[in-house]
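Values in this text are rule-based calculations from the coordinates and carry no lab data. Computed from a prediction, not measured in an experiment: that's the story for all the values here. Cβ placement follows ideal geometry from the backbone for every residue including glycine, while neighbour counts extend to all protein chains displayed.
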């Protein structure tokens, strides 16, 4: 990460395996009054079907960008006339969140919303299960001063990074 | 209350979450408007039940559960709350305040069920490994539905049977400020419900429509439904001018018969129409039968493909492989998401015919559609159509009119069944073709915009009738234009907008509810109320 990158306070930077989904569209975009959604994903960029479906899911008056990490970093740096506070950034996993920050997008806060249950993942929140790799990526982000919280929908009380680390420690001890 | 009545109410509560109502349970029996009416029918006074249910429902009208994140169990709140009013003699406000902990208890039951049901998903894997579709089918339905019955009907029966008497005893021993305090909280909670619903509508001119609805209802005392009808006309003029009428648009929102439909990719179809009907009906009934925290609708998706796979994959090994690839995580809005089911079936058929469709392509298509279509479905049905129709139903039922719950339920049946079947078939016919017809954002968004205008106006009018601030209530004795009354109404409007500001600042709902209770208790102790 370039050290001179200014700290950015986006409306929401969210890790969610499902990317654009009911919880995101209904609970987050509407509650926070977002005007721009940037889906950062190297795979979906080439998937025309998924892009069209996402375009349909985005509410009226909200811009949608689907871009890979490099293009997203460039586009977010430019800002494109939308306030950071009205911009939502969606990524599929913690590794992409880390890559985005390394590409110079110095977001201040990261919301972890959904990572499904799978072999080798530890449950830290009703809908977040972390693998060792994801945990490592989040540790690295936390070390860079990103405040991380775990929260499915805005009406739910967020769980902070410290409590999650405590849960992970207890799970591995057990 | 006799035990038979309590058992019937408990049965209704079970059915509201069960898989037996053709995808309508969550939209009808789960809502206090309908549940309260049923409690009324069981206890011999449907009109009073509808009124109590309507009042409780309004406090939860902003209820949306997307992606399995349930804010509260509004169904249990509706059944138990109405029973407390009709059998326990509580006033609706007090009963409403007591539904808050009841809803949280119901939430714990829901979470317990989704946690335990994970085991049934693994049981389904066991049958899939052996290529036994019957096993997958019954494991998707029976164990979780039996578990649900035990977990829901028994606590509800105990609560309804013993609750009113127990509560009457407890309330007598409590200090004198408790009941007024609870009643005050019950008067404030509808404002929170309306504010939660408004957060979903709060963009463009909808805020202004809400205030207009409020002011017109407060000053002119127009019936809410008349207001709603005027709003519909205004919205129609604003958003649909020069277009086709609103009703066919809902049916054809994602393309119509007259448009050039891309030809189905399979030229020699293996599947018969009855296979498609069976698959859709299985999905309609059982998509959420084994809803669980690991796969969500995954076992339901595999189950819905059983009638299709029987035709496509007579070989046990192929059947096993096909079942296993669809027993993975899946979670979408079931009705708009039925389009995905149709597309997946077309792809599977092409594959079975020896077409060039890889498993990877099927999985990618399914995963790519799942998220966005749940976004479309949740905003269209949960976020817009259901709250708008509910607010109309609540308005009718609050006058003791049973058409409120009936018309609401009928309208939801048309939405759920019409959209579900239409999009399922559309998906099957389109196959893997690009979503050319889907890209008609304009039509979908005009419908959403119209429903949002009507919803905003009606919510404004409902705030006038349902939110009770003591100062305002005391001033109601004055004439329509008396300063006291106007002040009181301004206070109600400020309260709703205040809650809205809190919700939009991402203050957790539990804190807001807790704060409301603290205000109620302080006011009760000081004897303000």
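Assign one of three labels to chain B, namely rounded, prolate or oblate, based on the Cα gyration tensor with a ≥ b ≥ c the square roots of its eigenvalues; rounded applies when a/c is under 1.5, prolate when it is not and a/b is larger than b/c, and oblate otherwise. Mind dumping the intermediate values first?
Numbers: a/c = 2.51, a/b = 1.53, b/c = 1.64.
It comes out oblate by the Cα gyration axes.
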Whole-number percent relative contact order across chain B, with pairs defined as alpha carbons under 8 Å at least 6 apart: 23 percent
Label-point gap, in nm, between residue B:211 and residue B:238 - each point 7 angstrom along Cα→Cβ: 1.3 nm
Tilt relative to chain B, helix B:441-466 - C-alpha long axis, 0 to 90 degrees, to 10: 20 degrees
Two-site FRET efficiency, residue A:85 against residue B:171, from Cβ-Cβ distance with R₀ of 56 Å, rounded to 0.05: 0.75
Acute angle (nearest 10 degrees) that the helix B:32-43 long axis makes with the longest principal axis of chain B, alpha-carbon atoms: 70 degrees
Two-site label geometry, residue B:410 and residue B:511: point separation in nm, points 7 Å out along Cα→Cβ: 4.6 nm
Calculated [θ] (222 nm, deg cm²/dmol) that DSSP helices of n ≥ 4 give over the protein assembly as shown, each run adding -39,500 (n - 2.57): -20500 deg cm²/dmol
Along each principal axis, Cα extent of segment B:303-383, largest first, Å: 44, 23, 18
Backbone N under 15 Å from the residue B:115 label point (7 Å along Cα→Cβ), restricted to segment A:119-143: A:123-128
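Only bridges whose two residues both fall in the protein assembly as shown count here: according to DSSP, what percent of them are antiparallel, nearest 5?
On the way: 6 of 30 bridges.
So the antiparallel bridges amount to about 20 percent of the total.
Just want to confirm a number: the relative contact order over segment B:329-449, from Cα pairs under 8 angstrom separated by 6+ residues, in percent. Intermediate values should be presented prior to the final figure.
Working: 118 pairs, mean separation 54.3, N = 121.
The value is 45 percent.
Once you sort the root eigenvalues of the Cα gyration tensor of segment B:1-105 as a ≥ b ≥ c, which label holds: rounded (a/c under 1.5), prolate (a/b larger than b/c) or oblate (the other case)? Mind showing how you got there, number by number?
Working: a/c = 1.75, a/b = 1.23, b/c = 1.43.
Oblate is the answer for segment B:1-105, as a/c is 1.5 or above yet b/c matches or exceeds a/b.
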Residue order, fewest to most beta carbons within 10 Å, for B:3, B:47, A:161: B:3, B:47, A:161
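Going from the alpha-carbon gyration tensor of the protein assembly as shown, what semi-axes, largest first and in whole Å, does one get by taking the root of 5 times each eigenvalue? Working shown, then result.
Numbers: eigenvalues 319, 181, 147 Å².
Over the Cα atoms of the protein assembly as shown, the semi-axes work out to 40, 30, 27 Å.
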Degrees, to the nearest 10: A:161-173 long Cα axis against longest axis of chain A: 40 degrees
Gap separating the Cα centres of segment B:81-114 and segment A:33-99, nearest whole Å: 41 Å
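At 0.36 nm per residue, minus the direct Cα-Cα distance, what do residue B:490 and residue B:108 gain on full extension? Give it in nm, one decimal, please. Walk me through the numbers on the way to the answer.
Values: separation 382, 0.36 × 382 = 137.52 nm, distance 3.80 nm.
Result: 133.7 nm gained on full extension.
Between residue A:123 and residue B:129, how high is the FRET efficiency from 1/(1 + (r/R0)^6) when r is the Cβ-Cβ distance and R₀ = 35 Å? Nearest 0.05. Don't jump to the answer; show the numbers that get you there.
Numbers: r = 25 Å, r/R0 = 0.72.
Efficiency, from the Cβ-Cβ distance: 0.90.
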For segment B:19-106: relative contact order, % (alpha-carbon pairs under 8 angstrom, 6 or more apart): 28 percent
Residue B:324 paired with residue B:162, simple spin-label distance in nm, labels 7 Å along Cα-to-beta-carbon: 4.9 nm
Global form of segment A:1-88, assessed from the alpha-carbon gyration tensor, a/c cut-off 1.5: oblate
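Take peptide B:363-371, look around each residue's Cβ out to 10 angstrom, count Cβ atoms belonging to other protein chains, and average those counts. Can you show the working numbers first?
Numbers: counts 0, 5, 4, 0, 6, 11, 5, 5, 16.
If you average over the peptide's residues, the count of other-chain Cβ atoms is 6.
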Euclidean distance of C-alpha centroids, segment B:161-230 and segment B:1-74, integer Å: 18 Å
For peptides B:493-503, B:512-522, sequence by mean Cβ density within 10 Å, most packed first: B:493-503, B:512-522
